[in-house]
Every structure is written in structure tokens, then in C-alpha cells.
Amino acid sequence: MTVDLAAFAKEKGVKYFMISFTDLFGGQRAKLVPAEAIADMQEEGAGFAGFATWLDMTPALPDMLAVPDPASVIQLPWKPEVAWLAGNCVMEDEDVAQAPRNVLRRLIAEAADEGLHVKTGVEAEFFLLTPEGDQISDPFDTAVKPCYDQQAVMRRYDVVREICDYMLQLGWGPYQNDHEDANGQFEMNWNFADVLVTADRHSFFKFMAKSVAEKHGFRATFMPKPIEGLTGNGAHAHISVWDAPGDKATTNMFAGEGEGQTGEVGLSERGKHFLGGIMKHASALAAITNPTVNSYKRINAPRTVSGATWAPNTVTWTGNNRTHMVRVPGPGRFELRLADGATNPYLLQAVIIAAGLSGLRTKADPGKRYDIDMYAEGHTVRDAPKLPLNLLDALREFDRDTELKALMGEEFSGSYVKMKMEEWNSFVTHFSNWEREHTLDI
């Protein structure tokens, strides 16, 4: 049943709605709409100039409308007079093909046509920094091995508790919170769900974490590598495929007695081929899962202070072993450890479906399972591809992968590569302090 937003506002005491969409670069854009005007907005959408955001548009184009999805409505727990809505971008009565949520919605429908319903959970890591963003907020968080640090997590208890309370209130099913492997870094986990629900929650979680951190005088960042020498922010995705969406799901299609190395760790033949698609397209996936210049300081990082980067640099998979790009921690699901905190919540889920569909349709084999410690013995692996070394290499890999681009949509893919190449060119033309410090006197 479609939620009547005007009635929702009256019942919940909502005075304003934030109609939000996410652009190609992961920027969250919104308009604040009075509850008195939401009935018209629910039908027609809120108007935006697409060119003013990171979308591949010109100033001459007509208004882009963000039509709110009533099913996504979330009343802000920290400001109950406001409710947030994910919007679907429309222009002249047609879906904007490059808009990330539309890319995901189209792929969900394509998978559903084949009886496949993807469910995922994400592990969104973040740092709590000073308001200026230049140092860790907690001056006492200095342990060499800070992961699960009891004292450090309690010094930031007020922030962590408030965010977790809100997730409990929203019914997300949060189940654990911890101090992560870097000083100043935290992770909060909630239940897996259908991919669109997970993407909306991932998007909202970033907004919520930043808002609560600001309220307490801190700055939350999901930047892949905000502090040199420390472990970076990942956004690991746990993936399974079911026979139906939501509560109607009864059968996990990844679970079953498959054969060979995938069967040994509890993946069915369908699970094997879906994983095969992820492995087949991994180097191109990086352009989506690791979308910034800074991303490649995480996945190609030297050893960190704690002793491990917890990020891959080679296209390998394994059983319950965290040193690989993909691990299968138990029957019926696998964890993609490639994505980082900068990944677009909608494009992350979309590219997982796209690569998985490719693998299922071509019966892709994921290749050899490696059970070694990749940090200590990775140099012995000779026949597995290395992940891209930088954003330029990743974009070139994506642009060469015609199958993946077609699945993601040609209009989206063309716009994404074009705009990300412009971003890369902006980076390489920037004159840095490193150049001044190392080459001024040459």
C-alpha cells in the first residue's frame, strides 16, 4: 500500500519533508518541502537543476524532478518534525537513466524477471574527526592495535549509542557496534535486506552519522583513507540471492550442495556463478566500488600501523579468510570486501547485481580458491589479476568492459566515465605540496 505522505505528516507531527536524491559522485541532494505542499510533490516531484549537481547535464535542460518514493520515508529520530524521502529522478516523464537509484531499480527489475531477488547487508566504517577534519577527535585513542578497544569505544559512547538507538527505533535491527582497526574508526552493523532497502538505509546512515557527529562537536567521515598510515574505511557487502523479495523469501538460492571448491564452502551452483561474475568483472567493478582518487590509497596501501590494511589488492576469493577480495564466511552468502566508504550506496548494489547477472548468464567460474594469508603470502599468487593501482586505471578497466557497461546502462556508463575522467584530470592538474617539497630544487 502506498503511503499517503500528507496523512503521514499529520499522524507523525512532521512539518517538513526532505526529498533527496544521490548524484553520480555520491553527493546527497535535497529540497526541504513543507508538509502542506507534500501532496503535490508526491505526485509531481520536487524540481532540481540537474546541471547544478554531479550529473551529466547542461544548464539548458528542463527541470529534473525528484519524485519521492513513499516506501522509503524515514522520520528523522534526532529531529522528528522532519522526514526524509528517497527520490526517483524524472525528466519530461521519463526516468533519468544515469541517476543512481534508477540504475539500481532497473537492475532489480531485470533480476526479478529471472526469478532472482538479491539481498545484501553493508558494513559502513567511518572515522570521528575534529570539526576541521585534520585529526582524530579522541586524543587518547593512540593504541597500536585499537580494534575493539573497550575504553576508546566508551569515550565515544554518546555518539555510538545515539546512532544505534535511532536504528533500533527505525526497526533496522542493529546488532553490534565496535571500535575498528584504525584509531578514531568505528563500525555499526544492522540487518541485511532487499538491495533497494539496503541502499536507502546505507544512504540515510551516512546522513545520520554525519548529523549526530556534528551535534556532538565531531566530524564523521566515510573517506576511504582519511589518515595516512591507518586502516581505511571499507563498505563490505554481504550478498545472497533469494526466490522472492522481502518477507516472502523462503529459499536462499546461494545455499545448497554445490560441487568443487565453492561447494566445499557452502555455495550452490548459482552462488558459484554469481561469484564468478564478481571475479570476472572485478577490475572494472573498482571504478564503482572505489570511485575516488583517495580510494586507491586504501586498496593499494602499504602495511598500516596495526599490521594489516584489511583491504584487497588482488582478485582472489577464499573461505572464511579476511585477507582476500571475496570471502565465503558461511553457507549461502559471500562478502565482497572491495568497496570503500566513498562508494555510492545505489551504484554499489547495482554493480553487484550487474556482475552477478553476467556470471549467471555465462555460467562464469570464479577460479581457484586461495586459502593462504594474502598479506604474508600474496606474492606467491602468480595467476590472479591485480586490482587497479589508481582511479584512471579503474576507469579504463570499466570502459573496456563492454558487457558490464551494457548491464549498468549505456547512458549511465557513458556519463559516469566522462565525469569521472574530468575528475581525474582535475586531480592531475592540481599542483600539490608533494611536488613543491620534492622537486622545487631539481
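The values are calculated or read from the model by the stated rules, or taken from the named source; none is laboratory data. Small disclaimer: the values here were computed from a predicted structure and weren't measured. Positions of Cβ are generated from backbone atoms using ideal geometry, with glycine treated the same way; all protein chains shown enter the neighbour counts. We work out accessible area using only protein heavy atoms, side chains counted, and drop any ligands, DNA or RNA first. Shrake-Rupley method; radii C 1.70, N 1.55, O 1.52, S 1.80 Å.
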- Message: Looking only at segment 414-435, how many residues end up being among the hydroxyl-bearing types (Ser, Thr, Tyr) and under 10 Å from Asp399 (Cβ atoms)?
- Response: 1
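One line per residue, one yes/no per condition, for (1) touching a Leu at 6+ places or on another chain (Cβ under 6 Å); (2) of a type in the set (D, E, K, R); (3) at pLDDT 95 or above; (4) buried (at least 16 other Cβ atoms within 10 Å of the Cβ):
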| residue | (1), (2), (3), (4) |
| --- | --- |
| Tyr370 | no, no, yes, yes |
| Leu389 | no, no, yes, no |
| Ala394 | no, no, yes, yes |
| Gly409 | no, no, yes, yes |
| Leu440 | no, no, no, no |
- Task: Just need a number here: residues in segment 103-133 that are over 21 Å from the mean Cα position of the chain (by Cα), closer than 23 Å to Met223 by Cβ and either open to solvent by 40 Å² or more (accessible area, probe 1.4 Å) or of a type in the set (Gly, Ala, Ser) (or both).
- Result: 3
- Item | Pair list, Cβ < 6 Å and 6+ apart or interchain, from segment 276-302 residues that are under 28 Å from Arg361 (Cβ atoms) and open to solvent by 10 Å² or more (accessible area, probe 1.4 Å) to residues that are in a helix (DSSP H, G or I) and not polar (S, T, N, Q) | Ser283/Glu397
- May I ask you to list the residues in segment 244-303 that are within 12 Å of Asp340 (Cα to Cα), assigned to a helix (DSSP H, G or I) and either modelled with pLDDT under 95 or more than 17 Å from the chain's Cα centre (by Cα) (or both)? Lys297
- Message: Quick check on Ser240: is it of a type in the set (Gly, Ala, Ser), assigned to a helix (DSSP H, G or I) and under 26 Å from Trp310 (Cβ atoms)?
- Response: no
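Within segment 313-339, can you find the residues that are more than 18 Å from Cys147 (Cβ to Cβ) and of a type outside the set (A, V, I, L, M)? Don't jump to the end; show me each part of the working.
Within segment 313-339, the subset more than 18 Å from Cys147 (Cβ to Cβ) is 313-319, 324-326, 328, 330-334, 336, 338-339.
Those that are more than 18 Å from Cys147 (Cβ to Cβ) and of a type outside the set (A, V, I, L, M): Asn313, Thr314, Thr316, Trp317, Thr318, Gly319, His324, Gly330, Pro331, Gly332, Arg333, Phe334.
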- Test set (1) outside any strand (DSSP E or B); (2) touching a Gly at 6+ places or on another chain (Cβ under 6 Å); (3) under 16 Å from Pro345 (Cβ atoms) - Phe21 fails condition number: (1)
- Inspect all residues belonging to segment 245-265 and state whether any of them is open to solvent by 20 Å² or more (accessible area, probe 1.4 Å), hydroxyl-bearing (Ser, Thr, Tyr) and farther than 21 Å from Met408 by Cα. yes
- Could you tell me whether segment 9-24 includes any residue that is crowded, with 18+ Cβ neighbours inside 10 Å and out of contact with any strand residue (DSSP E or B) (no Cβ under 9 Å at 6 or more places or on another chain)? yes
- Six or more apart or on different chains, Cβ under 7 Å: which pairs go from a residue in segment 381-403 that's touching a residue at least 60 places away in the same chain (Cβ under 8 Å) and within 14 Å of Lys280 (Cα to Cα) to one that's of a type outside the set (Lys, Arg) and surrounded by fewer than 19 Cβ atoms within 10 Å (Cβ to Cβ)? Could you list them? Ala384/Thr314; Lys386/Thr314; Leu387/Thr314; Phe398/Val417
- Message: Just to be sure I understand the filter: pairs with C-beta atoms under 8 Å, separated by 6 or more residues or on different chains, first member in segment 36-60 and more than 22 Å from Pro70 (Cα to Cα) and open to solvent by 90 Å² or more (accessible area, probe 1.4 Å), second member assigned to a loop (DSSP other than H, G, I, E, B) and among the aromatic types (Phe, Trp, Tyr). Which pairs pass?
- Response: Trp54/Phe25
- Some residue of segment 134-141 being at pLDDT below 95 and open to solvent by 30 Å² or more (accessible area, probe 1.4 Å): yes
- Note on the structure: Here, helices (runs of 4 or more DSSP H) confined to segment 149-226 with at least 3 residues that are buried (at least 23 other Cβ atoms within 10 Å of the Cβ) and touching a strand residue (DSSP E or B) at 6+ places or on another chain (Cβ under 8 Å) are 195-215
